[in-house]
Amino acid sequence: MAGHPRQGAAGQPSAKPTAVLLYIFRRLLNVVVMLLVVATITFGIFFLVPWLQHTDPVLRYVGKNANPVAIAGIKVKLGLDKPIYEQFWLYLKGLVAGRSYSNGPDTTWCPAPCMGISTQTQTPVWGQLTGDFPVTAWLAAGAATIWLVFGVGTGVLSALRKRSVIDRAAMVTALAGVSLPVYFTGLVASALFIYNLGWLPESNPNVSLGSDPGAWLQNMLLPWITLAFLFAATYARLTRATMLDVLGEDYIRTARAKGLGEGTVIGKHAMRATMTPILTVFGMDLGGLLGGAILTENVFNLHGLGYDALNGITKNDLPMIMGVTLFAAFFIVMANLIVDLFYAVVDPRVRLA
Amino acid sequence: MTQNPSAEPLVDVGAGAPREFLAVRDLKVHFPTDDGVVKSVDGLSFTLERGKTLGIVGESGSGKSVTSLSIMGLHRNVGKKLGPRISGEIWLDGQELVSASKDEVRRLRGQKMAMIFQDPLTAMHPFFTVGQQIIEGYRQHHPEAKKQQARSHAIQLLDRVGIPQPDKRVDNYPHEFSGGMRQRAMIAMALANDPSLLIADEPTTALDVTVQAQILDLIRDLQQEFGSSVIIITHDLGVVAELADDILVMYGGKCIEKGSSAELFTRPEHPYTWGLLGSMPRIDRDLQDRLIPVKGSPPSLINLPSGCAFNPRCPYADRTGGRSTAEVPELVEVTPGHLAACHLPAETRQRIFAEEIAPLL
C-alpha cells in the first residue's frame, strides 16, 4: 500500500503556550473592560436614584436632624461637592488604589479596592463584603457539591432507565425542584425540620466554621439542601437530556462494537461527552452564586453577600448595592473566563484564538 | 421452503451448526412502534464462506443495516417493551448468536467480528485520540498487552491502512484527520484484533468520490491479507461490483435476489435488480443516455404492499396474472446458486431482460 496520497492537512500541533498566554491576557483585558462597564453603571445608579427621589446622596450619611453645617462638612469629606466626572474618577481610582475621604483633620482612609462607605455602618463597603464572603462561599460550595452529586447522578440514572418508574419519579421531583422557589421550599423545610420536628436548631447567623463546627454544620445543612434542590433539579434534567443525546451518538455504538463492557461505554465514553456541557453550566452557576444567594441567605438568616444585597436595597444603602454588584460581576466574569479555558482543555476541537 | 432440495438448504431452522463460517437463517427483526410493528428484516437467510465477500444491496430502509447490527448484537433493548424482537439464527463459526448471552456476544464483538461504520466523523469519539481509540479496542481483547505494546500495534495498524507518519498521527484527534483518513483509521480500529468477519456498513457513502475507490481498494487488499470474510452493505451496486463474490439484494426486509456477482451483473432476474442496474451511473456510457430511476419510493415496513412488496413499483406487475398482489413470491433457484423471488415466469423474465433491459444497460 505504498504511495497513498496525503489527504487534507497534516495534524495541527496543539496551541503553543505563548498563544495560550496571549489568549488569557486578552481575556483578562476583557474582564477589566467588563468590570469598568459595571462600575460605570453602578456609579450612575448612585446618582440616578437620589435624583429620582429628589434627595441629595449626602443625606443618607447623616442623621434625620443634622444641621446644615454638619451636612456640608460630610459632603466635602465624601467629595460629593465635586463635579460628577471628578467623583467618577475618584471612584475608579479608589477601586484601584484606595482613597481617603477627608475634610481637614477628619480623615477616613478607604483602602483599595475602595467601593465607597456604607451609609449604614459608615465603614468601607469592601471590608464588609470580605467579612461576609466566607458565608456565601461556604453556602455555594456545600450546595454545589450536593447538587452536582445528586443532580448528575439522578440524571444519569434517569437516562439509563429511560421511561422507568425511577426516571419518571426523578423527573417529577426535578420539575418540582425547578418550579418551587427557594422562599417556598426553604420556609417549608425550616417549618418542618426546625420548628415542627425539632431536628435542627434555629438558624444562628453568628456561628462560623471556626467558632463551632458542629453548630455551623447544623446551621448550614438546610440552606445547602434547599439551594441544592433548586439546582439539582436543573442539573438532573440537563444531564438526562445530554446523556440521552450522547447515548444516541454513533461513537457510543462504535464503543460497543469494539466489545467494551457497558460500564466502560457509559462510564468512560458517554460520561466524558456528557460532563463537558454540564461542567460549563456548573462554572457559570457557581460564579453567579459566589456573588450572593439572595433568597437562600435571607430565608435562613445567613449574613453573606446576598443578605448584604437585600439589606442594602431595603435600607437604601447605595454604596453597598454598588459594592455587591461589582463583587458579583467579578465572579461571573471570572467564571466565564475559567469555563472558556476549561473548555479548551477538555474539548480538543476547541482552539484558543 | 426451497424448491431445490439438492442445493444447500436455505432455511432449515434448528438444523444445528452449519458448516459455513457465517450462516443467517430466517432472521426476523421486528420493531414494535406506536404505529404498528416495523418489520425491518423479515425472514432473511444467507451464508458466507471464510475469506469471501458478500455484498448486501438495497435502498434505505430495506433492512441492510438492521441485519448487520443483528449480527454484531448491537441492537439495544432486545425483547424489552419498546425494543426489537429478533428471531431466527445467526451462526458464526459454529456459535449461535441470537440465543447467546449478551456477554458472549460482547466478547466476540471487536475480536471475531468487527464493523466499519458509514460516517467516520460521528463514529469516532471526538474527545479521545485516534490512538487511544484503537488501543482501547485492542486491550479489551488482549488484557495482557502492555500499554507500550498496544501503542506500537496501533501505529502498525495505522501504517498498514496507509496513514502517513503513523507514529505522529496516532496522537491526533479524529477532527484533525480528513474524511478519508478518518475512514482509514476506522478500518484500523476494526482490524485491531484481526477479526475473521468484517462488516462494512456503507463504508464510502460519507466520503469524497475520489477517496471512495481508495477505501474500497484498501478493504480488498486487507481482506486478501487477513483472510477475513467481509460483508459490504451499500445502496450502490457500483461499490460491490468489483469487491463482492456474492451479492444479495434486499427489498422491504426480504432477500429478493442473490447470486454470484458475475451472475447478478450479467443475468439479473428480478425487476428491482434491473432497476438498480439501470440507475447506476457508468462512465463508459454516452452522456446523453439518462439514468433510469426506479419509480416510486421504498415501501412502508409497517404495511408492506400485499403480495410482492415490489408490485406497486414494478413495471411488469401486470404480467403475473394477478399473483403479484395476491401472493408473496418465494425465493427460488433459477440457475444453480442464483435465486430470485419473482412471480414472472422465468422465460418471460429472460425475454424482458434480453429485449427491454439489457440494451439500455
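Kindly indicate whether any position in the stretch B:271-285 is touching a residue at least 12 places away in the same chain (Cβ under 8 Å), farther than 26 Å from B:Val209 by Cα, surrounded by 16 or more Cβ atoms within 10 Å (Cβ to Cβ) and touching a His at 6+ places or on another chain (Cβ under 8 Å).
no
Among the residues in the stretch A:279-298, are any at pLDDT below 95, among the aliphatic types (A, V, I, L, M) and more than 23 Å from A:Ile321 (Cβ to Cβ)?
Yes: one or more hits.
Can you pull out every residue in the stretch B:140-162 that is touching a residue at least 24 places away in the same chain (Cβ under 8 Å), of a type outside the set (Lys, Arg) and either surrounded by fewer than 24 Cβ atoms within 10 Å (Cβ to Cβ) or more than 8 Å from chain A (Cβ to nearest Cβ) (or both)?
If the condition is that a residue be touching a residue at least 24 places away in the same chain (Cβ under 8 Å), of a type outside the set (Lys, Arg) and either surrounded by fewer than 24 Cβ atoms within 10 Å (Cβ to Cβ) or more than 8 Å from chain A (Cβ to nearest Cβ) (or both), then B:Gln140, B:His141, B:His142, B:His153, B:Ala154, B:Ile155, B:Leu157, B:Leu158 are the ones that fit.
Does the stretch A:32-43 hold any residues that are surrounded by 13 or more Cβ atoms within 10 Å (Cβ to Cβ) and not polar (S, T, N, Q), and which are they?
A:Met34, A:Leu35, A:Val38, A:Ala39, A:Ile41, A:Phe43 - these are the residues of the stretch A:32-43 that are surrounded by 13 or more Cβ atoms within 10 Å (Cβ to Cβ) and not polar (S, T, N, Q).
Quick one: is A:Asn204 surrounded by fewer than 15 Cβ atoms within 10 Å (Cβ to Cβ) and within 28 Å of A:Gly306 (Cα to Cα)?
yes
Against the definition (outside the structural domain of A:Ala329 (by TED's automatic domain parsing), out of contact with any Cys (no Cβ under 9 Å at 6 or more places or on another chain), part of a loop (DSSP other than H, G, I, E, B) and closer than 23 Å to A:Asn311 by Cα), how does A:Thr119 come out, yes or no?
So A:Thr119 passes the test.
Test A:Thr123 against the stated conditions and say whether it is out of contact with any Pro (no Cβ under 7 Å at 6 or more places or on another chain), β-branched (Val, Ile, Thr), modelled with pLDDT of 85 or more and within 18 Å of A:Leu318 (Cβ to Cβ).
The answer is yes for A:Thr123.
Quick one: how many residues across the stretch A:281-302 are buried (at least 17 other Cβ atoms within 10 Å of the Cβ) and in a helix (DSSP H, G or I)?
Within the stretch A:281-302, residues that are buried (at least 17 other Cβ atoms within 10 Å of the Cβ) and in a helix (DSSP H, G or I) number 13.
Taking the conditions exactly as written (without any contact (Cβ under 8 Å) to a residue 60 or more places away in the chain and buried (at least 16 other Cβ atoms within 10 Å of the Cβ)), does A:Arg99 satisfy them or not?
For A:Arg99, the condition - without any contact (Cβ under 8 Å) to a residue 60 or more places away in the chain and buried (at least 16 other Cβ atoms within 10 Å of the Cβ) - is met.
For a quick check of your reading of the model, give me the residue pairs whose first member lies in the stretch B:164-180 and is in contact (Cβ under 8 Å) with a residue 40 or more places away in the chain and more than 7 Å from chain A (Cβ to nearest Cβ), whose second is in a loop (DSSP other than H, G, I, E, B) and of a type in the set (A, V, I, L, M, F, W, C), with beta-carbon atoms closer than 6 Å and at least 6 apart or on different chains.
What qualifies is B:Pro174/B:Met124; B:Gly179/B:Leu207.
Would you mind finding the one in A:Ala344, A:Ala329, A:Ala309 that is in a helix (DSSP H, G or I), within 14 Å of chain B (Cβ to nearest Cβ) and among the aliphatic types (A, V, I, L, M)?
A:Ala344
Please enumerate the residues belonging to the stretch B:76-118 that are in a strand (DSSP E or B), of a type in the set (D, E, K, R) and in contact with a strand residue (DSSP E or B) (Cβ under 7 Å, 6 or more places away or on another chain).
Listed by number, the residues that qualify are B:Arg85, B:Glu89, B:Glu96.
Considering each of B:Gly131, B:Gly137 in turn, give the residue that is in contact (Cβ under 8 Å) with a residue 24 or more places away in the chain, within 11 Å of chain A (Cβ to nearest Cβ) and under 20 Å from B:Ala114 (Cβ atoms).
Result of the check over B:Gly131, B:Gly137: B:Gly137.
Buried (at least 23 other Cβ atoms within 10 Å of the Cβ) and either at pLDDT 90 or above or more than 30 Å from A:Leu160 (Cβ to Cβ) (or both): is that true of A:Asp308 in this structure?
Judged against the criteria, A:Asp308 is a match.
B:Ala114: at the interface with another protein chain (Cβ under 10 Å from one of its Cβ atoms), crowded, with 16+ Cβ neighbours inside 10 Å, of a type in the set (Gly, Ala, Ser) and touching a Leu at 6+ places or on another chain (Cβ under 7 Å), yes or no?
Yes, satisfied.
Residues that are within 36 Å of the chain's Cα centre (by Cα), under 30 Å from B:Gly179 (Cβ atoms) and either part of a helix (DSSP H, G or I) or at pLDDT 85 or above (or both): does the stretch A:8-19 have at least one?
yes
Restricting to the stretch B:49-67, name every residue that is modelled with pLDDT of 90 or more and surrounded by fewer than 22 Cβ atoms within 10 Å (Cβ to Cβ).
Hits for the stretch B:49-67 are B:Glu49, B:Arg50, B:Gly51, B:Lys52, B:Ser65.
Those residues that are over 20 Å from B:Asp26 (Cα atoms) and β-branched (Val, Ile, Thr), I need them from the stretch B:233-266; list them, please.
Scanning the stretch B:233-266 gives B:Thr234, B:Val239, B:Val240, B:Thr266.
Restricting to the stretch A:225-251, name every residue that is under 30 Å from B:Arg109 (Cβ atoms) and surrounded by 19 or more Cβ atoms within 10 Å (Cβ to Cβ).
A:Thr239, A:Arg240, A:Thr242, A:Met243, A:Val246, A:Leu247, A:Tyr251
Take the residues in the stretch B:93-111 that are in contact (Cβ under 8 Å) with a residue 60 or more places away in the chain and within 25 Å of B:Arg182 (Cα to Cα), then tell me which one is farthest from the other protein chains (Cβ to nearest Cβ).
That would be B:Gln111.
In this structure, does B:Ala123 turn out to be buried (at least 21 other Cβ atoms within 10 Å of the Cβ), more than 7 Å from every other protein chain (Cβ to nearest Cβ) and in contact with a helix residue (DSSP H, G or I) (Cβ under 6 Å, 6 or more places away or on another chain)?
So B:Ala123 does not fit the description; no.
Need pairs with beta-carbon distance below 7 Å; first residue assigned to a loop (DSSP other than H, G, I, E, B) and within the stretch B:192-215, second acidic (Asp, Glu); sequence gap 6+ or separate chains.
B:Ser196/B:Asp93; B:Ala206/B:Asp119
Condition first: under 25 Å from A:Gln218 (Cα atoms), assigned to a loop (DSSP other than H, G, I, E, B), touching a residue at least 60 places away in the same chain (Cβ under 8 Å) and under 22 Å from the mean Cα position of the chain (by Cα). Can you find one or more residues in the stretch A:170-182 that meet it?
Yes, some residue in the stretch A:170-182 is under 25 Å from A:Gln218 (Cα atoms), assigned to a loop (DSSP other than H, G, I, E, B), touching a residue at least 60 places away in the same chain (Cβ under 8 Å) and under 22 Å from the mean Cα position of the chain (by Cα).
Within the stretch A:252-278, track down each residue that is facing another protein chain (nearest Cβ under 8 Å), crowded, with 22+ Cβ neighbours inside 10 Å and among the β-branched types (Val, Ile, Thr).
Residue satisfying the conditions is A:Thr254 alone.
The values are calculated or read from the model by the stated rules, or taken from the named source; none is laboratory data. What you are looking at is a predicted structure, and each value in this text was computed from that prediction instead of being measured. Methodologically, a virtual Cβ is constructed for each residue, glycine included, from the backbone with ideal geometry; neighbour enumeration extends over all protein chains shown.
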